[in-house]
Structure formats: C-alpha cells, structure tokens
Amino acid sequence: MALGRELSGPIAMKTWVVLVAPSRAEAVRRALRDQGLLRRDLRAVRTAAQVAFPVSRAPARKLPGTRLEEREIGPARSRPRSYRDLLELDPVVQKLLPRAFDVLGDVVLVRLPAELSSQAERIGDALLRFVPGARKVGWDQGVHGTARIRRVVPIAGSGPWRTLYRENGLEFVVDPEQVYFSPRLAREHARVASEAAEGETIWDLCCGLGPFSMAIAHRLHRSRIVAVDSNPAAIELLRENAKRQSVADRIDARVETVERFLTSAERADRVILNLPHEGIKYLPSVSAAVAPGGTVHYYEVTPHADASMRESEILDRLQPRGRWEVLDSHRVHAYAPHADLRAFTLRRR
C-alpha cells in the first residue's frame, strides 16, 4: 500500500514526518522521543517499505538513514492492550490465540496451535502492528534435530531472521533460524553470572550462541570459560558476539559434542547444562567431573506432577553419590499447561 494512500482521510492533518526503514524504526523512534520531537497526538504509519513518525518540528540534525517530508497524518489511535484486540475471529477460535510471544530485537516469534494455521497470516499482521518496532513475525513450530534449531515460518513482515537483541546491558546478534535462543532466560543469564567467581573454570555445555558465557565473561576477567555446542552455526555466532562485547579472549568456544568434550576436559568449578529435554542423560557424567565445592546449574522441563519429588530424583543421579546438595530450585517460566522450565543449582560437597 502506498504511504500517501495510507495517510489520506478527512480527519488527517498536515505535519512533518520522519521516514525510516522498518529495520531502524525503533532506534529512530527512541531518538525522536528523547529529543522531545515525537508527536503523541498523531499516529505513526507503517508500510512494508518504511515507517513515518510524526514530529513537532524538524530535528536539529538529520538522523542517519532518515528522510524528512511534510505529509498528512491521522490522529493517534488508542493503543490496544493485546494483539488479540486487533483480531476479529469466531469466539471459539479467538480463545485459542496464545497470550505469550517472544520478541528478539525486531523479530517476533509466536507458537500457534494447528487449529490456527488458517489464521496465521492475520495473527502475524496483528503482532506486527502491536509490537513497537517489529519488522518480521515468525510462527515458531518448535525445536528440532540434534542442533536444537527452531523451525520458523514467516507469517508477516519481511527481511532476514538475523536481528540485534539486547539484554542485561549486552547486545547479541541472534538468528532464530540457525541457533536456538530464548529471551525468557534473561534473568537466569544474569543470576548465574552474578554467582560465578573470579578464577573459576566454567563449562557452558550446549551453549547455543553463548548468553551465559558472555554474561559471565562481561563480569569476570580471570576465569576460564569453555563454551561447547555441536551446532557450528551456534559457535560461529558466539564468536561473533564475543568480539562485539570485547570478551573473545575470555571464552574458549568449541564445536563439540558433550560426550566428546567430557573425555578430555579438565575439572570444572561451575557447569551450566541447559538442555531441557535431554540434559538428564548427561548429568551423571557431568557431575562426576566437577571439582569438590563445585556447582552445576541444571535446567529441565518438569511436569507439575513430578515437581515435589524432582530434587531427590536428581540427587540420586549425581556422582559421586551422597556428596551433593540442592542449593536452589525454582520455576523459570511455564513451558506447557502441565509443565514448567525449572532451574536447579547443585553443589558438590
């Protein structure tokens, strides 16, 4: 749709607008807001090619990648409380709409039940309009294969999956089509980094693009961090991000399976094992290679029915038997209607 046609209407008014490509829309919006130029009474207009932000006057200095024009803009609409408010579906179908979705930079990922497949594009369009700065929406069809890669299907917007994501003061390049990454673990990344100590030998197993490793390396300068993943794309992205954060010299990133790594690895003071569906099979051999006084941060999807007994079941698997204790276990987030992702902090006595 042409921008001029989108802006027309009997109640529109003429004003200056800053035009920018969707990929830079959020950065420009913040800059205009911080300069006090962004008009709240008029609505920003998005098309596939550009975003038009109404401003009270021309910026003192031209923002990179923008263009200033005078256009007609309609009044601001009241912001919906949810993307669900932008959809008019059959009430039975409406109830199936997921309430949660993930935002990775300017990419939005949402998991949809099969019953909503015919409505996927409409849902994607609603999310694109609802999430500020969103450029592309993908249908997350779950993690597949030994490399734990999401199968993502584009349902709205355009451009590559690769995007820039920020958390805890760090900036990552993320590509959900190549490497698994969950923004719902941001607090865990910060928590584990806060508990790590200088001089420790730390293993980050099944590390993905390395958010745990980079959070630790950003805080500590004299620890040995070994990050391991069998997905070459994950390690390549980890190395790229480590360079961006100037911590590449603190992380030894390896393309390797956990089994092979454990055959020659030195003893660890701290291990992160974030493989929610399969990590339990590695836990005995991982725990046996942890130094006395060492810690394991273990994550798994735990059914609600098993939660009360899970700590004792995990302790039974650790080696050497009887030498471990649970320092902490808590729910990270809901994973399914009857299961949660849980974190366990285990210490070898």
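The values are calculated or read from the model by the stated rules, or taken from the named source; none is laboratory data. Computed from a predicted structure; not experimentally measured. Virtual Cβ from ideal backbone geometry, glycine too; neighbours counted across all protein chains shown.
Listed values, structure above:
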quantity: Restricting segment 232-258 to residues that are without any contact (Cβ under 8 Å) to a residue 24 or more places away in the chain and over 17 Å from Ile149 (Cα atoms), the residue that is nearest to the chain's Cα centre (by Cα); calculated: Arg239
quantity: Criterion violated by Ala253 - all others in (1) assigned to a strand (DSSP E or B); (2) within 30 Å of Asp316 (Cα to Cα) satisfied; calculated: (2)
quantity: Filter result (assigned to a strand (DSSP E or B), of a type outside the set (Phe, Trp, Tyr), free of Cβ contacts under 8 Å to residues at least 60 places away in the same chain and under 24 Å from Thr201 (Cβ atoms)) within segment 292-317; calculated: Pro292, Gly293, Gly294, Val296, Glu300
quantity: Tabulated pairs, segment 323-344, first without any contact (Cβ under 8 Å) to a residue 60 or more places away in the chain and surrounded by fewer than 16 Cβ atoms within 10 Å (Cβ to Cβ), second in a strand (DSSP E or B) and of a type in the set (Ser, Thr, Tyr), C-beta under 6 angstrom, 6+ apart or interchain; calculated: Leu327/Thr345; Asp328/Thr345
quantity: Single match in Arg219, Arg270 (criterion: among the basic types (Lys, Arg), closer than 27 Å to Gly293 by Cβ, at pLDDT 95 or above and out of contact with any Gly (no Cβ under 7 Å at 6 or more places or on another chain)); calculated: Arg219
quantity: Flag for Val228 being touching a strand residue (DSSP E or B) at 6+ places or on another chain (Cβ under 7 Å), under 22 Å from Ser182 (Cβ atoms) and among the β-branched types (Val, Ile, Thr); calculated: yes
quantity: Strands (runs of 3 or more DSSP E) enclosed by segment 88-206 - at least 3 residues per element that are among the β-branched types (Val, Ile, Thr) and modelled with pLDDT of 95 or more; calculated: 107-110, 149-157
quantity: Options Leu109, Leu185: the member that is touching a strand residue (DSSP E or B) at 6+ places or on another chain (Cβ under 6 Å) and in contact (Cβ under 8 Å) with a residue 24 or more places away in the chain; calculated: Leu109
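To keep it simple, each residue is scored yes or no on (1) within 14 Å of Met13 (Cα to Cα); (2) touching a residue at least 24 places away in the same chain (Cβ under 8 Å).
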{"position": "Arg33", "(1), (2)": "no, no"}
{"position": "Val45", "(1), (2)": "yes, yes"}
{"position": "Ala48", "(1), (2)": "no, yes"}
{"position": "Lys62", "(1), (2)": "no, no"}
{"position": "Leu68", "(1), (2)": "no, yes"}
{"position": "Arg81", "(1), (2)": "no, no"}
{"position": "Leu86", "(1), (2)": "no, yes"}
